[in-house]
Amino acid sequence: MDILAPSYSVAIDHTRGEIHFSASGRWDEAKVIELNKELLKTAKPFTEAKRPIRVLGDLREFNVQTQEIADLMRQSQEGSAALGVVKMAILCSSALVKMQFQRVSEALNLQVFENEADAVAWLREA
């Protein structure tokens, strides 16, 4: 069953230079902006120190988004690359979400995984 109500969480791992986030549901522009602000705030210690950032995203409960939201996602991913995201590992269980996210993430070194251990291992390898 698809979860439609949009939600997210964001956490930081200062030691490893990682940001972990999860997102679920079907999104609107306001929720995208809200998440982007939270991610920028969380990344601030890394960007101020000019440290590379690695990101682990959990999209296992994320829905395929409208084209308007996909366009906002692309802008966010391009901004992430410009801010210093060097690697992004995404957990995803839907083939359609995987394709959509890969399409909007061309600016990033991104890999999609079904298994969290594999995603973390790839994210942390040199």
Test of the criteria: in the range 14-57, which trypsin sites (Lys or Arg not before Pro) are in a DSSP loop and have at most 16 other Cβ atoms within 10 angstrom of their Cβ?
16, 26, 50
Compute the Cα gyration tensor for the range 7-124, then decide on rounded, prolate or oblate, letting a ≥ b ≥ c be the square roots of its eigenvalues: rounded whenever a/c is under 1.5, prolate when a/b is larger than b/c in the other cases, and oblate in all that remain.
oblate
For the range 35-99, what class follows from the C-alpha gyration tensor (a ≥ b ≥ c being the square roots of its eigenvalues): rounded when a/c is under 1.5, otherwise prolate if a/b is larger than b/c, else oblate?
prolate
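Taken together, the values in this text are just the output of simple stated rules run on the coordinates, not laboratory data. As the structure is a prediction and not an experimental result, all values here were calculated from the model. For neighbour counting, all protein chains shown are included, and Cβ atoms are generated from backbone atoms with ideal geometry for every residue, glycine included.
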